[in-house]
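J.: Shown below is the structure under consideration.
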Amino acid sequence: MPTEAEWEFAARSSGRQSLYPWGGEVPHCQRAVVNELGPGCGQGKSAPVCSRDEGRSEYRVCDLIGNLSEWVQDPWHGNYQDAPVEGVVWSGGSPVERVVRGGSYKDPGAVVTATTRLPLLRRDRLPEVGFRVARDLPVVEMEAVPSEDETEAPAEPTRSNPSSDEVTN
């Protein structure tokens, strides 16, 4: 599962100040599975994963708002005071509550944002709460590419055979 900071970074499309993965428009059933015309956009349940293409983030991550609320790794803290800045799991906090993010199909779109967070008892199992599998991407070594200023003019061609006037007897 992602940490709370990683989840919010993705839900804000790389940490921008937008309230939703897609920008500033309030969630509706074309973007997210929310309680509009009834729970689950009138279906009364969650929808298949990634069923709202318009609701994806800049990186094409889907269902960050609506469908299912999502567990994250972090225990519940009432505010962000003294939170780590590296995106790691924030230890300490509540021993019995964990953070849930994103809102579900039961929540009205107008109240769910990329910053919506709630505490939930670790033992609770609800049909509107799920989890997202996340992993770190491998580190890729990049080859340094010289800038135009650093590139040198091509050297004069070298001869591999001496010319006839260079040959001595």
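The values are calculated or read from the model by the stated rules, or taken from the named source; none is laboratory data. As the structure is a prediction and not an experimental result, all values here were calculated from the model. Every residue, glycine as well, gets a Cβ built from its backbone with ideal geometry; the counts of neighbours run over all protein chains shown.
J.: Of (1) surrounded by fewer than 17 Cβ atoms within 10 Å (Cβ to Cβ); (2) assigned to a loop (DSSP other than H, G, I, E, B), Glu54 satisfies all except one. Which?
T.: The single condition Glu54 does not satisfy is (2).
J.: Is it the case that some residue within segment 120-134 is within 15 Å of Glu6 (Cα to Cα) and either among the charged types (D, E, K, R) or outside any loop (DSSP other than H, G, I, E, B) (or both)?
T.: Taking segment 120-134 and keeping what is within 15 Å of Glu6 (Cα to Cα), we get 131-134.
Filter once more, so that each one left must be either among the charged types (D, E, K, R) or outside any loop (DSSP other than H, G, I, E, B) (or both): 131-132.
Yes, there is a match, as at least one residue in segment 120-134 is within 15 Å of Glu6 (Cα to Cα) and either among the charged types (D, E, K, R) or outside any loop (DSSP other than H, G, I, E, B) (or both).
J.: Give segment 95-111 a look and list any residue that's in a loop (DSSP other than H, G, I, E, B), of a type outside the set (Gly, Ala, Ser) and crowded, with 24+ Cβ neighbours inside 10 Å, or say none.
T.: We begin by selecting, within segment 95-111, every residue in a loop (DSSP other than H, G, I, E, B); these are 95-96, 102-108.
Now narrow it down to the ones that are of a type outside the set (Gly, Ala, Ser): 95-96, 105-108.
The one that is in a loop (DSSP other than H, G, I, E, B), of a type outside the set (Gly, Ala, Ser) and crowded, with 24+ Cβ neighbours inside 10 Å: Tyr105.
J.: Cβ contacts < 9 Å: first residue on the phi > 0 side of the Ramachandran plot, restricted to segment 15-44; second residue not in a loop (DSSP other than H, G, I, E, B), any location; separation 6+ or different chain. Result?
T.: Taking only residues 6 or more apart or on different chains, the pairs are Gly15/Glu8; Gly15/Phe9.
J.: Could you check segment 45-64 and list, in sequence order, the residues that are of a type outside the set (S, T, N, Q), out of contact with any helix residue (DSSP H, G or I) (no Cβ under 9 Å at 6 or more places or on another chain), touching a residue at least 24 places away in the same chain (Cβ under 8 Å) and closer than 25 Å to Leu126 by Cα?
T.: Lys45, Ala47, Gly55, Arg56
J.: Can you tell me which residue within segment 69-94, out of those that are hydroxyl-bearing (Ser, Thr, Tyr) and assigned to a loop (DSSP other than H, G, I, E, B), is surrounded by the fewest Cβ atoms within 10 Å (Cβ to Cβ)?
T.: At the first step, the residues of segment 69-94 found to be hydroxyl-bearing (Ser, Thr, Tyr) are 69, 80, 91, 94.
Now restrict to residues that are assigned to a loop (DSSP other than H, G, I, E, B): 80, 91, 94.
On the way: Tyr80: 11, Ser91: 9, Ser94: 15.
My answer is Ser91.
J.: Give Ala144, Ala114 a once-over and let me know the one that is closer than 17 Å to Glu6 by Cα, in a loop (DSSP other than H, G, I, E, B) and of a type in the set (A, V, I, L, M, F, W, C). Full working, then the answer.
T.: On the way: Ala144 fails: closer than 17 Å to Glu6 by Cα.
On inspection, the qualifying residue turns out to be Ala114.
J.: Looking at the structure I just gave you, is Leu137 surrounded by 10 or more Cβ atoms within 10 Å (Cβ to Cβ), modelled with pLDDT of 60 or more and either over 30 Å from Glu36 (Cα atoms) or out of contact with any Phe, Trp or Tyr (no Cβ under 7 Å at 6 or more places or on another chain) (or both)? Before the answer, list the steps.
T.: Values: surrounded by 10 or more Cβ atoms within 10 Å (Cβ to Cβ): no; modelled with pLDDT of 60 or more: yes; either over 30 Å from Glu36 (Cα atoms) or out of contact with any Phe, Trp or Tyr (no Cβ under 7 Å at 6 or more places or on another chain) (or both): yes.
When the stated conditions are applied, Leu137 does not pass them.
J.: With the condition kept exactly as written, say whether any residue in segment 35-45 is loosely packed, with under 12 Cβ neighbours inside 10 Å and touching a Cys at 6+ places or on another chain (Cβ under 9 Å). Steps first, please.
T.: Our first condition is that a residue be loosely packed, with under 12 Cβ neighbours inside 10 Å; within segment 35-45, this holds for 37-38, 42, 44.
Subsequent filtering for residues that are touching a Cys at 6+ places or on another chain (Cβ under 9 Å) retains 37, 42.
Scanning segment 35-45, I find at least one residue that is loosely packed, with under 12 Cβ neighbours inside 10 Å and touching a Cys at 6+ places or on another chain (Cβ under 9 Å), so the answer is yes.
J.: Still on this structure, please answer the following. Is segment 122-129 home to any residue that is over 13 Å from Leu68 (Cβ atoms) and crowded, with 16+ Cβ neighbours inside 10 Å?
T.: Within segment 122-129, not a single residue is over 13 Å from Leu68 (Cβ atoms) and crowded, with 16+ Cβ neighbours inside 10 Å.
J.: Mind telling me which of the residues Ala5, Ala47 ends up being hydrophobic (A, V, I, L, M, F, W, C) and in a loop (DSSP other than H, G, I, E, B)?
T.: On the way: Ala5 fails: in a loop (DSSP other than H, G, I, E, B).
Only one candidate qualifies: Ala47.
J.: Ok, one more. Which of the residues belonging to segment 21-40 are under 19 Å from Gly130 (Cα atoms) and not in a loop (DSSP other than H, G, I, E, B)?
T.: Within segment 21-40, none qualify.
J.: Would you check which residues across segment 65-87 are at pLDDT 95 or above and not polar (S, T, N, Q) and list them?
T.: Once the filter is applied, which keeps residues that are at pLDDT 95 or above and not polar (S, T, N, Q), segment 65-87 yields Ile65, Gly66, Leu68, Glu70, Trp71, Val72, Asp74, Pro75, Trp76, His77.
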